[in-house]
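Enquirer: Take this structure first; my questions come after.
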Amino acid sequence: MNTANLLRLIVLAAIWGGSFLFMRISAPTLGPAVLIEFRVLFAALFLAGVGVVLKKRLDLRAHWKHYFILGFFNSAFPFLLFAFAARTLPASVLAVLNATAPMWGALLGAMWNRQRIGARTALGLVLGTVGVALLVGFDHATTRPGAGIAVAAALVAALSYSVASQYARTATSVEPFANAHGTMWTSALMVLPALPLFPPAGAPTAGIVGAVVALGVLCSGIAYILYFKLIEEVGTTSALTVTFLSPVFGILWGRLFLGEAIGWYTVVGSAVVLVGTAFVTGFVPRFGRAAALTASGK
(Lines give C-alpha, C1' and ligand atoms only; values in the text may rest on other atoms or scores of the structure.)
Protein backbone atom coordinates (compact mmCIF):
# COMPACT_ATOMS: atom_id res chain seq x y z
CA MET A 1 0.00 0.00 0.00
CA ASN A 2 1.71 3.18 -1.19
CA THR A 3 1.39 6.60 0.43
CA ALA A 4 -1.56 7.69 -1.73
CA ASN A 5 -3.57 4.57 -0.89
CA LEU A 6 -2.65 4.80 2.78
CA LEU A 7 -4.01 8.36 2.81
CA ARG A 8 -7.18 7.18 1.05
CA LEU A 9 -7.61 4.50 3.70
CA ILE A 10 -7.20 6.95 6.58
CA VAL A 11 -9.54 9.51 4.98
CA LEU A 12 -12.14 6.80 4.37
CA ALA A 13 -11.91 5.60 7.98
CA ALA A 14 -12.26 9.18 9.20
CA ILE A 15 -15.34 9.71 7.02
CA TRP A 16 -17.07 6.47 8.00
CA GLY A 17 -16.17 7.03 11.64
CA GLY A 18 -17.75 10.47 11.28
CA SER A 19 -21.03 8.99 10.05
CA PHE A 20 -21.90 8.00 13.62
CA LEU A 21 -21.18 11.54 14.79
CA PHE A 22 -23.51 12.98 12.14
CA MET A 23 -26.25 10.48 13.01
CA ARG A 24 -25.90 11.26 16.71
CA ILE A 25 -26.33 14.97 15.92
CA SER A 26 -29.36 14.63 13.67
CA ALA A 27 -31.27 11.47 14.66
CA PRO A 28 -32.77 12.74 17.96
CA THR A 29 -34.46 15.63 16.13
CA LEU A 30 -35.27 14.21 12.71
CA GLY A 31 -35.94 10.63 13.71
CA PRO A 32 -34.42 7.64 11.89
CA ALA A 33 -36.72 7.54 8.85
CA VAL A 34 -36.50 11.20 7.79
CA LEU A 35 -32.76 11.24 8.43
CA ILE A 36 -32.05 8.14 6.34
CA GLU A 37 -34.46 9.13 3.57
CA PHE A 38 -32.50 12.33 3.05
CA ARG A 39 -29.17 10.56 3.51
CA VAL A 40 -29.75 8.04 0.71
CA LEU A 41 -31.48 10.63 -1.49
CA PHE A 42 -28.56 13.06 -1.26
CA ALA A 43 -26.18 10.17 -1.93
CA ALA A 44 -28.20 9.04 -4.96
CA LEU A 45 -28.29 12.54 -6.43
CA PHE A 46 -24.57 13.02 -5.87
CA LEU A 47 -23.71 9.66 -7.45
CA ALA A 48 -26.08 10.39 -10.34
CA GLY A 49 -24.07 13.53 -11.06
CA VAL A 50 -20.81 11.61 -10.86
CA GLY A 51 -22.30 8.95 -13.13
CA VAL A 52 -23.15 11.54 -15.76
CA VAL A 53 -19.61 12.92 -15.68
CA LEU A 54 -18.02 9.45 -15.83
CA LYS A 55 -20.65 8.15 -18.29
CA LYS A 56 -21.59 5.26 -15.99
CA ARG A 57 -24.86 3.40 -16.67
CA LEU A 58 -27.13 1.73 -14.10
CA ASP A 59 -28.85 -0.71 -16.47
CA LEU A 60 -31.93 -0.80 -14.24
CA ARG A 61 -33.88 -3.17 -16.48
CA ALA A 62 -31.30 -5.92 -16.02
CA HIS A 63 -30.33 -5.36 -12.39
CA TRP A 64 -33.28 -3.76 -10.56
CA LYS A 65 -33.95 -6.83 -8.38
CA HIS A 66 -30.28 -6.98 -7.43
CA TYR A 67 -30.30 -3.29 -6.48
CA PHE A 68 -33.35 -3.79 -4.28
CA ILE A 69 -31.94 -6.82 -2.46
CA LEU A 70 -28.48 -5.35 -1.94
CA GLY A 71 -29.93 -1.91 -1.16
CA PHE A 72 -32.14 -3.35 1.58
CA PHE A 73 -29.44 -5.31 3.41
CA ASN A 74 -26.51 -2.97 2.77
CA SER A 75 -28.16 0.45 3.11
CA ALA A 76 -31.85 0.95 3.88
CA PHE A 77 -32.27 -1.54 6.74
CA PRO A 78 -28.92 -1.08 8.57
CA PHE A 79 -28.97 2.71 8.07
CA LEU A 80 -32.42 2.87 9.68
CA LEU A 81 -31.32 0.67 12.58
CA PHE A 82 -28.18 2.70 13.27
CA ALA A 83 -30.16 5.95 13.06
CA PHE A 84 -32.69 4.48 15.51
CA ALA A 85 -29.86 3.52 17.89
CA ALA A 86 -28.21 6.95 17.47
CA ARG A 87 -31.12 8.58 19.29
CA THR A 88 -29.83 6.93 22.49
CA LEU A 89 -26.27 5.65 22.14
CA PRO A 90 -23.05 7.69 21.86
CA ALA A 91 -21.22 7.81 18.53
CA SER A 92 -18.29 5.89 20.06
CA VAL A 93 -20.47 2.94 21.07
CA LEU A 94 -22.16 2.87 17.65
CA ALA A 95 -18.80 2.82 15.88
CA VAL A 96 -17.55 -0.15 17.89
CA LEU A 97 -20.80 -2.11 17.49
CA ASN A 98 -20.51 -1.55 13.74
CA ALA A 99 -17.09 -3.24 13.83
CA THR A 100 -18.75 -6.54 14.76
CA ALA A 101 -19.94 -6.99 11.14
CA PRO A 102 -17.05 -9.34 10.17
CA MET A 103 -17.88 -11.54 13.16
CA TRP A 104 -21.47 -11.90 12.03
CA GLY A 105 -20.08 -12.60 8.59
CA ALA A 106 -17.99 -15.49 9.91
CA LEU A 107 -21.03 -17.05 11.58
CA LEU A 108 -23.21 -16.59 8.51
CA GLY A 109 -20.50 -17.94 6.22
CA ALA A 110 -20.12 -21.07 8.35
CA MET A 111 -23.88 -21.62 8.40
CA TRP A 112 -24.27 -20.85 4.70
CA ASN A 113 -21.51 -23.22 3.62
CA ARG A 114 -22.17 -25.74 6.43
CA GLN A 115 -18.58 -25.58 7.58
CA ARG A 116 -17.11 -25.92 11.05
CA ILE A 117 -15.75 -22.78 12.67
CA GLY A 118 -11.99 -23.03 13.20
CA ALA A 119 -10.27 -22.41 16.51
CA ARG A 120 -8.91 -19.01 15.45
CA THR A 121 -12.33 -17.82 14.29
CA ALA A 122 -13.99 -19.17 17.44
CA LEU A 123 -11.49 -17.29 19.60
CA GLY A 124 -12.19 -14.13 17.62
CA LEU A 125 -15.93 -14.52 18.17
CA VAL A 126 -15.43 -14.98 21.90
CA LEU A 127 -13.17 -11.94 22.11
CA GLY A 128 -15.67 -9.87 20.14
CA THR A 129 -18.46 -10.87 22.47
CA VAL A 130 -16.35 -10.02 25.51
CA GLY A 131 -15.41 -6.64 24.03
CA VAL A 132 -19.03 -5.72 23.33
CA ALA A 133 -20.00 -6.86 26.83
CA LEU A 134 -17.32 -4.63 28.36
CA LEU A 135 -18.35 -1.64 26.30
CA VAL A 136 -22.07 -2.06 26.89
CA GLY A 137 -21.82 -3.20 30.48
CA PHE A 138 -19.75 -0.28 31.77
CA ASP A 139 -20.75 2.66 29.54
CA HIS A 140 -23.17 4.87 31.47
CA ALA A 141 -25.08 5.66 28.28
CA THR A 142 -26.31 2.07 28.14
CA THR A 143 -28.31 2.63 31.34
CA ARG A 144 -30.58 5.17 29.61
CA PRO A 145 -34.17 4.15 28.85
CA GLY A 146 -34.30 2.25 25.56
CA ALA A 147 -30.54 1.65 25.45
CA GLY A 148 -30.93 -2.12 25.36
CA ILE A 149 -33.14 -1.96 22.28
CA ALA A 150 -30.71 0.51 20.70
CA VAL A 151 -27.75 -1.85 21.25
CA ALA A 152 -29.74 -4.72 19.75
CA ALA A 153 -30.67 -2.56 16.75
CA ALA A 154 -27.02 -1.65 16.13
CA LEU A 155 -25.94 -5.30 16.32
CA VAL A 156 -28.70 -6.34 13.91
CA ALA A 157 -27.54 -3.56 11.58
CA ALA A 158 -24.02 -5.03 11.63
CA LEU A 159 -25.57 -8.44 10.93
CA SER A 160 -27.42 -6.95 7.96
CA TYR A 161 -24.13 -5.77 6.45
CA SER A 162 -22.87 -9.35 6.69
CA VAL A 163 -26.00 -10.66 4.97
CA ALA A 164 -25.32 -8.18 2.17
CA SER A 165 -21.75 -9.44 1.86
CA GLN A 166 -22.87 -13.06 1.68
CA TYR A 167 -25.46 -12.18 -0.95
CA ALA A 168 -22.96 -10.17 -3.00
CA ARG A 169 -20.63 -13.16 -3.23
CA THR A 170 -23.25 -15.26 -5.01
CA ALA A 171 -25.12 -12.52 -6.91
CA THR A 172 -24.62 -11.56 -10.52
CA SER A 173 -21.52 -9.42 -10.84
CA VAL A 174 -22.34 -5.72 -11.21
CA GLU A 175 -19.85 -2.89 -11.66
CA PRO A 176 -19.04 -1.44 -8.18
CA PHE A 177 -20.04 2.15 -8.96
CA ALA A 178 -23.37 0.97 -10.36
CA ASN A 179 -23.91 -1.04 -7.16
CA ALA A 180 -23.42 2.05 -5.02
CA HIS A 181 -25.51 4.28 -7.26
CA GLY A 182 -28.36 1.84 -7.85
CA THR A 183 -28.71 0.80 -4.20
CA MET A 184 -29.02 4.42 -3.08
CA TRP A 185 -32.07 4.94 -5.34
CA THR A 186 -33.71 1.69 -4.27
CA SER A 187 -32.97 2.50 -0.62
CA ALA A 188 -34.70 5.87 -1.02
CA LEU A 189 -37.81 4.04 -2.24
CA MET A 190 -37.71 1.43 0.52
CA VAL A 191 -37.34 3.94 3.35
CA LEU A 192 -40.42 5.93 2.25
CA PRO A 193 -42.99 3.64 4.00
CA ALA A 194 -41.18 4.17 7.33
CA LEU A 195 -41.63 7.96 7.29
CA PRO A 196 -45.09 7.98 8.99
CA LEU A 197 -43.79 5.63 11.71
CA PHE A 198 -41.00 7.96 12.88
CA PRO A 199 -42.08 11.61 12.61
CA PRO A 200 -39.50 14.31 13.42
CA ALA A 201 -39.33 15.49 17.02
CA GLY A 202 -38.63 19.09 16.01
CA ALA A 203 -37.45 21.47 13.32
CA PRO A 204 -33.88 20.96 12.09
CA THR A 205 -31.21 23.54 12.82
CA ALA A 206 -28.54 24.58 10.34
CA GLY A 207 -26.13 22.20 12.04
CA ILE A 208 -28.52 19.27 11.65
CA VAL A 209 -29.08 20.07 7.98
CA GLY A 210 -25.32 20.16 7.49
CA ALA A 211 -24.96 16.80 9.24
CA VAL A 212 -27.58 15.22 6.95
CA VAL A 213 -25.92 16.58 3.81
CA ALA A 214 -22.57 15.30 5.08
CA LEU A 215 -24.07 11.87 5.71
CA GLY A 216 -25.41 11.66 2.17
CA VAL A 217 -22.71 13.30 0.08
CA LEU A 218 -19.61 12.64 2.18
CA CYS A 219 -20.29 9.43 4.11
CA SER A 220 -22.24 7.64 1.38
CA GLY A 221 -21.33 9.24 -1.97
CA ILE A 222 -17.68 10.23 -1.70
CA ALA A 223 -16.88 7.39 0.72
CA TYR A 224 -18.11 4.77 -1.75
CA ILE A 225 -15.93 6.26 -4.49
CA LEU A 226 -12.89 6.16 -2.18
CA TYR A 227 -13.67 2.61 -1.11
CA PHE A 228 -14.02 1.27 -4.64
CA LYS A 229 -10.84 3.08 -5.65
CA LEU A 230 -9.03 1.32 -2.80
CA ILE A 231 -10.41 -2.05 -3.88
CA GLU A 232 -9.15 -1.36 -7.40
CA GLU A 233 -5.70 -0.33 -6.17
CA VAL A 234 -4.95 -2.72 -3.29
CA GLY A 235 -7.66 -5.40 -3.36
CA THR A 236 -10.66 -6.17 -1.16
CA THR A 237 -8.73 -7.63 1.78
CA SER A 238 -6.47 -4.62 2.24
CA ALA A 239 -9.37 -2.21 1.72
CA LEU A 240 -11.29 -3.92 4.53
CA THR A 241 -8.67 -2.77 7.03
CA VAL A 242 -10.86 0.33 7.22
CA THR A 243 -12.94 -1.81 9.61
CA PHE A 244 -10.18 -1.48 12.20
CA LEU A 245 -9.68 2.27 11.80
CA SER A 246 -13.29 3.51 11.66
CA PRO A 247 -14.04 2.86 15.37
CA VAL A 248 -10.93 4.82 16.35
CA PHE A 249 -12.23 7.86 14.47
CA GLY A 250 -15.77 7.27 15.73
CA ILE A 251 -14.50 7.48 19.31
CA LEU A 252 -12.26 10.47 18.51
CA TRP A 253 -14.99 12.52 16.79
CA GLY A 254 -17.45 11.74 19.58
CA ARG A 255 -14.97 13.01 22.15
CA LEU A 256 -13.90 16.13 20.23
CA PHE A 257 -17.29 17.36 19.01
CA LEU A 258 -19.83 15.90 21.44
CA GLY A 259 -17.75 15.67 24.60
CA GLU A 260 -18.38 11.93 24.95
CA ALA A 261 -16.49 10.27 27.78
CA ILE A 262 -13.67 7.86 26.98
CA GLY A 263 -13.41 5.50 29.94
CA TRP A 264 -11.17 2.50 30.43
CA TYR A 265 -14.04 0.31 29.22
CA THR A 266 -14.16 2.26 25.93
CA VAL A 267 -10.48 1.68 25.25
CA VAL A 268 -10.35 -1.92 26.45
CA GLY A 269 -13.69 -2.95 24.96
CA SER A 270 -12.85 -1.42 21.58
CA ALA A 271 -9.41 -3.03 21.53
CA VAL A 272 -10.84 -6.46 22.38
CA VAL A 273 -13.50 -6.13 19.65
CA LEU A 274 -10.89 -5.16 17.06
CA VAL A 275 -8.53 -7.99 18.07
CA GLY A 276 -11.46 -10.38 17.81
CA THR A 277 -12.27 -8.98 14.36
CA ALA A 278 -8.65 -9.50 13.31
CA PHE A 279 -8.82 -13.16 14.37
CA VAL A 280 -12.13 -13.70 12.58
CA THR A 281 -11.00 -12.10 9.33
CA GLY A 282 -7.51 -13.61 9.43
CA PHE A 283 -6.06 -10.12 9.20
CA VAL A 284 -2.27 -10.04 9.56
CA PRO A 285 -0.56 -6.66 9.08
CA ARG A 286 2.43 -6.66 6.76
CA PHE A 287 5.09 -4.03 6.68
CA GLY A 288 8.12 -3.09 4.63
CA ARG A 289 9.17 -5.37 1.81
CA ALA A 290 6.54 -7.99 2.66
CA ALA A 291 3.80 -5.43 2.18
CA ALA A 292 5.27 -4.23 -1.09
CA LEU A 293 5.50 -7.78 -2.45
CA THR A 294 1.92 -8.54 -1.39
CA ALA A 295 0.59 -5.37 -3.01
CA SER A 296 2.39 -6.16 -6.26
CA GLY A 297 0.99 -9.68 -6.29
CA LYS A 298 4.39 -11.39 -5.97
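The values are calculated or read from the model by the stated rules, or taken from the named source; none is laboratory data. Nothing here was measured: the structure is a model prediction, and the numbers come from that model. Don't worry about glycine lacking a Cβ; one is built from the backbone with ideal geometry, like all the others, and counts go over all protein chains shown. To get the accessible areas, we keep the full protein, side chains included, count just its heavy atoms, and leave off ligands, DNA and RNA. Shrake-Rupley method; radii C 1.70, N 1.55, O 1.52, S 1.80 Å.
Enquirer: For the range 74-188, what's the relative contact order in percent, using C-alpha pairs closer than 8 Å and at least 6 residues apart?
Expert: Result for the range 74-188 is 50 percent.
Enquirer: Right, something else. When only Cα pairs under 8 Å and 6 or more residues apart are kept, what is the percent relative contact order across the chain? The partial results should precede the final answer.
Expert: On the way: 420 pairs, mean separation 125.7, N = 298.
Dividing the mean separation by the residue count of the chain yields 42 percent.
Enquirer: Looking at the chain as a GNM with Cα springs under 10 Å, which of 79, 244, 20 has the largest mean-square fluctuation?
Expert: 244
Enquirer: Of 247, 98, 68, whose Cα points farthest to the positive end of the dipole of the chain (charges on the beta-carbon: +1 Lys, Arg; -1 Asp, Glu; origin at the Cα centre)?
Expert: In the chain, that residue is 68.
Enquirer: Which value at 222 nm does the chain reach when only helices count, each DSSP H run of 4 or more adding -39,500 (n - 2.57), with the total divided by all residues and rounded to the nearest 500 deg cm²/dmol?
Expert: -24000 deg cm²/dmol
Enquirer: Inverting the mean 1/r over all pairs of different Cα atoms, compute the Kirkwood radius of the range 54-131 and quote it in Å.
Expert: Hydrodynamic radius (Kirkwood, Cα pairs) of the range 54-131 is 15.4 Å.
Enquirer: Also, quick follow-up: Over the range 1-80, what percent of the accessible surface lies on carbon and sulfur atoms, probe 1.4 Å?
Expert: 71
Enquirer: Something else about it: Taking θ = phi - 60°, what integer Hz values does the Karplus form 6.51 cos²θ - 1.76 cosθ + 1.60 yield along the range 134-148, in sequence order, with x for Gly and Pro?
Expert: For the range 134-148, the Karplus-derived couplings read 4, 5, 6, x, 10, 6, 4, 5, 7, 8, 5, x, x, 5, x Hz, x marking Gly and Pro.
Enquirer: Lys pairs in the chain, Cα-Cα under 23 Å, at least 8 apart or on separate chains: how many?
Expert: Values: 55/65; 55/229; 56/65; 56/229; 229/298.
Lysine pairs meeting the criterion: 5.
Enquirer: Any idea of the accessible area per residue across the chain, 1.4 Å probe, to the nearest Å²?
Expert: Using a 1.4 Å probe on heavy atoms only, each residue of the chain averages 48 Å².
Enquirer: Where Rh is the Kirkwood radius over the Cα pairs of the chain, the temperature 20 °C and the viscosity 1.002 mPa s, what D in µm²/s does Stokes-Einstein return?
Expert: 110
Enquirer: When the Karplus curve 6.51 cos²θ - 1.76 cosθ + 1.60 is applied with θ = phi - 60°, which whole-Hz ³J(HN,Hα) does each residue of the range 174-187 get, with x for Gly and Pro?
Expert: 10, 3, x, 5, 5, 4, 4, 5, x, 5, 5, 5, 5, 5
Enquirer: How much length is gained on full extension from residue 119 to residue 133, taking 0.36 nm per residue of separation minus their Cα-Cα distance?
Expert: 2.9 nm
Enquirer: Take every Cα-Cα pair in the range 4-80 and report what % of them are more than 17 Å apart.
Expert: That fraction is 62 percent.
Enquirer: Would you please name the trypsin sites (Lys or Arg not before Pro) within the range 57-104 that are DSSP coil residues with at most 16 other C-beta atoms within 10 Å of their C-beta?
Expert: Passing both the DSSP loop test and the Cβ count: 57.
Enquirer: In whole angstrom, note down how far apart the Cα centers of the range 156-180 and the range 1-36 are.
Expert: Cα centroid to Cα centroid, the span is 19 Å.
Enquirer: Which residue, 192, 12, 256, has the most motion in a Gaussian network model of the chain that connects Cα atoms within less than 10 Å?
Expert: For the chain, modelled as a Gaussian network with Cα springs under 10 Å, the answer is 256.
Enquirer: Also, quick follow-up: Residue by residue, what Karplus-based ³J(HN,Hα) values in Hz, rounded to whole numbers, does the range 25-34 have, using 6.51, -1.76 and 1.60 with θ = phi - 60° and x for Gly and Pro?
Expert: Each residue's phi maps through the Karplus curve to give 6, 9, 4, x, 8, 7, x, x, 6, 4 Hz.
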